[in-house]
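Trainee: One structure, pasted below without further comment.
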Amino acid sequence: MSLSFSYRHLYYFWAVAKEGGLTRAAERLGLSVQTVSTQVRELEQSLGASLLKPAGRGLALTEAGQAALQMAEQIFALGEVLPERVRDAATAPAVRLAVGISDGLPKLVVQRLLEPIIDTPHLRLLCHEDEFDRLLGDLALHRLDVVLADRPAPPNPNLRVYSHALGSSPMAWFAAPRWAATAMRDFPASLADVPMLLPTDHAAVRPRLNQWLERHGVRARVAGEFEDSALLATFGAAGMGVFPAAALMTDRLVQRDGVVRVGDCEGVEEAFFAVGTDKKIVHPLVSRLLPERG
């Protein structure tokens, strides 16, 4: 394969675009302004388009420059992970899986979703938690192998990602012993008589919980809202208030945290998804996370 431009030239252009000018880019690169300017001009000549234009005391991107910068961002993002991938391959027969975990996904459920691959020999599991949209960007740049979330990826023509359903769980209400008797006495109306902990709007299930409470005429006394579901359960177990959680975690919550399941949140389910970059999952470990299709 022959290339009509140098990646070094592209890197110099990328630095100029990020710094907004030749002088700052030259300082960052430890080169003279003339050298950086010459390298960028050579890139423009090889591509047959102007990438930069004067803008006040600095430089701005042309439309061609914006397209070049977008591609350069992807190229150099892949370059950042190249040394680590090579080291992993050279030093050990590790099976690497980089998983993005959406901040709206209940952390109590994550371990359950990953159970099918936990016992893989030589597994090296890398978990990154962040906002869903940012994780999708990292997935598109191949920094992640899969994203686990409580919702499917929204339609976006700029991101070629695909959502795969992992299943769902009904929701239930739990409480520490100090609130359990009151909460169970006339459930669900009794939920208005106890403090309540809820997930924030980051969680896809929050609007459905609000609708369920409204449908049952429960005016919630919200004592706390939490983005992290594990933190929500921790405060709930400490007696701060009644809280919702996926029913599939009942045994763990009751046995580990000593809480009581006070009632079901009928009609409300929390869904779980694996988001990948292909319609057909190709990473063998990600394939094992998906339920078998009949």
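The values are calculated or read from the model by the stated rules, or taken from the named source; none is laboratory data. What you see is a predicted model, and the numbers here were worked out from it, not measured in a lab. A quick note on method: Cβ atoms are made from the backbone with ideal geometry, for glycine too, and the neighbour counts reach across all protein chains shown. These area figures cover heavy atoms from the full protein model, side chains too; ligands, DNA and RNA do not enter into them. Shrake-Rupley method; radii C 1.70, N 1.55, O 1.52, S 1.80 Å.
Trainee: Within region 237-244, is there a residue that is in contact with an Asp or Glu (Cβ under 7 Å, 6 or more places away or on another chain) and closer than 25 Å to R134 by Cβ?
Mentor: Of the residues in region 237-244, the ones in contact with an Asp or Glu (Cβ under 7 Å, 6 or more places away or on another chain) are 237.
Right, trim to closer than 25 Å to R134 by Cβ and you get none.
Looking for residues that are in contact with an Asp or Glu (Cβ under 7 Å, 6 or more places away or on another chain) and closer than 25 Å to R134 by Cβ, one finds none in region 237-244, hence no.
Trainee: List the number of the failed condition for A237; all other conditions in (1) surrounded by fewer than 17 Cβ atoms within 10 Å (Cβ to Cβ); (2) on the phi < 0 side of the Ramachandran plot; (3) in contact (Cβ under 8 Å) with a residue 60 or more places away in the chain; (4) not acidic (D, E) hold.
Mentor: Every listed condition holds for A237 apart from (1).
Trainee: Please work out which residue is modelled with the lowest pLDDT, limiting yourself to region 224-234 and to residues that are of a type in the set (A, V, I, L, M, F, W, C) and either surrounded by fewer than 18 Cβ atoms within 10 Å (Cβ to Cβ) or over 22 Å from the mean Cα position of the chain (by Cα) (or both).
Mentor: For region 224-234, the residue satisfying everything is A230.
Trainee: On the basis of being farther than 30 Å from L82 by Cβ and without any contact (Cβ under 8 Å) to a residue 60 or more places away in the chain, does A181 make the cut?
Mentor: Judged against the criteria, A181 is a match.
Trainee: Here's another thing I want to ask about it. Check R8, R41, R24, R57 and return the single one that is under 30 Å from L139 (Cα atoms) and not hydrophobic (A, V, I, L, M, F, W, C).
Mentor: Answer to the check: R8.
Trainee: Just need a number here: residues in region 224-234 that are in contact (Cβ under 8 Å) with a residue 24 or more places away in the chain and of a type in the set (S, T, Y).
Mentor: 1
Trainee: Go through (1) more than 24 Å from A72 (Cα to Cα); (2) assigned to a loop (DSSP other than H, G, I, E, B); (3) open to solvent by less than 50 Å² (accessible area, probe 1.4 Å) one by one and return the number of the condition L159 breaks.
Mentor: (1)
Trainee: Write out, first by first residue and then by second, each pair whose Cβ atoms fall under 9 Å of each other, whose residues are 6+ apart or on separate chains, and whose first residue, in region 4-30, is touching a residue at least 60 places away in the same chain (Cβ under 8 Å) and over 14 Å from Q74 (Cα atoms) while the second is aliphatic (A, V, I, L, M) and surrounded by 15 or more Cβ atoms within 10 Å (Cβ to Cβ).
Mentor: Once the first residue is touching a residue at least 60 places away in the same chain (Cβ under 8 Å) and over 14 Å from Q74 (Cα atoms) and sits in region 4-30, no partner that is aliphatic (A, V, I, L, M) and surrounded by 15 or more Cβ atoms within 10 Å (Cβ to Cβ) comes close enough.
Trainee: Within region 183-266, which helices (runs of 4 or more DSSP H) (wholly inside it) include 3 or more residues that are in contact with a Phe, Trp or Tyr (Cβ under 9 Å, 6 or more places away or on another chain)? Quick ask: steps written out before the conclusion?
Mentor: On the way: elements: 206-215, 229-237, 250-257.
Where helices (runs of 4 or more DSSP H) fall fully within region 183-266 and carry at least 3 residues being in contact with a Phe, Trp or Tyr (Cβ under 9 Å, 6 or more places away or on another chain), they are 229-237, 250-257.
Trainee: Continuing with the same structure: For region 176-187, enumerate the residues that are under 22 Å from S229 (Cα atoms), of a type outside the set (F, W, Y) and either open to solvent by less than 60 Å² (accessible area, probe 1.4 Å) or touching a helix residue (DSSP H, G or I) at 6+ places or on another chain (Cβ under 8 Å) (or both).
Mentor: Within region 176-187, A176, A180, A183 qualify.
Trainee: Taking the condition touching a strand residue (DSSP E or B) at 6+ places or on another chain (Cβ under 6 Å), modelled with pLDDT of 90 or more, open to solvent by less than 30 Å² (accessible area, probe 1.4 Å) and over 16 Å from F273 (Cα atoms), does W173 pass? Show your work before the answer.
Mentor: Working: touching a strand residue (DSSP E or B) at 6+ places or on another chain (Cβ under 6 Å): yes; modelled with pLDDT of 90 or more: yes; open to solvent by less than 30 Å² (accessible area, probe 1.4 Å): yes; over 16 Å from F273 (Cα atoms): yes.
Against the criterion (touching a strand residue (DSSP E or B) at 6+ places or on another chain (Cβ under 6 Å), modelled with pLDDT of 90 or more, open to solvent by less than 30 Å² (accessible area, probe 1.4 Å) and over 16 Å from F273 (Cα atoms)), W173 qualifies.
Trainee: Now a separate question. May I ask you to verify whether D145 is in contact with a helix residue (DSSP H, G or I) (Cβ under 7 Å, 6 or more places away or on another chain), in contact (Cβ under 8 Å) with a residue 12 or more places away in the chain and more than 23 Å from L232 (Cα to Cα)?
Mentor: yes
Trainee: If you don't mind, another one. The conditions are (1) among the small types (G, A, S); (2) open to solvent by less than 40 Å² (accessible area, probe 1.4 Å); (3) in contact (Cβ under 8 Å) with a residue 60 or more places away in the chain, and A165 fails exactly one of them. Which is it?
Mentor: All conditions pass for A165, except number (2).
Trainee: Among the residues of region 83-97, are any crowded, with 19+ Cβ neighbours inside 10 Å, within 17 Å of A274 (Cβ to Cβ) and not β-branched (V, I, T)?
Mentor: Checking region 83-97: at least one residue is crowded, with 19+ Cβ neighbours inside 10 Å, within 17 Å of A274 (Cβ to Cβ) and not β-branched (V, I, T).
Trainee: To continue, here is another question. Taking region 253-287, which residues are over 18 Å from V205 (Cα atoms) and exposed (fewer than 15 other Cβ atoms within 10 Å of the Cβ)?
Mentor: V254, Q255, R256, G258, D278, K279, K280, V282, P284
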